[in-house]
Structure formats: structure tokens, C-alpha cells
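What follows is one structure encoded as C-alpha cells, with my remarks underneath.
Just so you know, all these numbers are worked out from the coordinates, no wet-lab data involved. None of the values given here were measured: they were computed from a predicted structure. Note: ideal-geometry Cβ built from the backbone for every residue, glycine included; neighbour counts use all protein chains shown.
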Amino acid sequence: MSFARNHRWLAARCGTALALALLAASPSARAQATSWLYVGGGAGVVDQGEQETRSTVQLDTGLGTSAEHALVAGGIFRVQGYLGAGADLGVAARLVTRGFAIGGFGAGIDAGVYQRWWGTESTGFTGNLVLGAPWGITLLGGTSIGSGDQRVYFASLGIDLARLTVHRHSGLDWFANPMRSPGE
């Protein structure tokens, strides 16, 4: 190959590499998503023709929008176990106040669907009220209404580990949080 031909070949390859590098480069991401990781327990009244009270264990996890606004919208995945019976699985939309999202006082609502494969199987609506206090303390109360006239009423008290650690903006004088997410 001649020098001019090598030079054009090299220039074309360098130009292609530069164009790909510019397309692949992106500014640093500044996503400030809110997250939830709740673990708690309580009691539920399960009505499948006859009422029975069962202890519950609950795990919620999910993501939401930035806590820079007054309201935070997101979604959660839920596993709600009834000791001695089985577990309901569900997904729900969540709308909470900014105070709740950053680990302080706040409230919210969840609304979604659930599926039960134990006892008399059921599919239906689930919804609850969420109350939050500092240090990730969370109280949930709600209901599930499903196929076959099944109803569940439950209450759960626990701790939201994401609100206690990453998202906590309260109680910093007592317990520092050097890695907290933005939002204040």
C-alpha cells in the first residue's frame, strides 16, 4: 500500500473510533431515585368463608422518583407471609410524601394486585396506608379483596432499611449518615 492510501485508511479508522467514542460517552448520571426495603411483622384477619387470625411477616422492596419533590411516586414488590398457611405475592404503585421518602415523618398509599396460591387460591386488589417515622420505622395497615369473596385485613410494624440508611435525613445529630442520598 502506498503512503497516501495508508494515511486515508488510518484517518478513516481514527474518525470512526472517535465518532463511536463520542456516541458512547455520556455525562455522569445524577439519578436520585428513592428506594424502599421494608421488613416487618404483624397480624392479619383472613376471611376465606370463615375468619381466622394469623401472624404475618412482610417484605416490601421497590423504587420511586426523586425525593426532591413534595410527592414521590414509585412501585413496590411485596411478599406477605401468613405463618402456618402460605404467602401472598403482589405488586403495587406507591405514592408517598417527601418526608416519608427521606426517612422522616410522612405517609403514603399503596394500590395494586396480589396472587395467593395457598388455601383457596385468590387474585385481587390490595391497598394500604403507610405511615413513616424517623429511623425507618414504618406502620402499614391495609386490606386485600380477591376472587371467591376472600378478604384480608392486616397491620404490620417494622423497619424500612433503605429509609434508615441511604435515605435518612433525620436524626443526624445523634447518628451520622455520611453517605445519604440527596434530597434536602
| Separation between Cα centres of region 129-164 and region 60-100, rounded to whole Å | 9 Å
| Neighbour-count order for R151, R78, fewest beta carbons within 10 angstrom listed first | R151, R78
| said: 5 Å is the cut-off here: which amide hydrogens, built 1.01 Å from N in the peptide plane, fall below it relative to S66, excluding neighbours closer than 5 in sequence? | reply: T34
| request: Could you calculate the contour length gain from A93 to T65, that is, 0.36 nm times the residue separation minus the distance between their Cα atoms, to one decimal place in nm? | output: 8.9 nm
| Taking R0 as 25 Å, what's the FRET efficiency between V113 and T53 from their Cβ-Cβ distance, rounded to 0.05? | 0.55
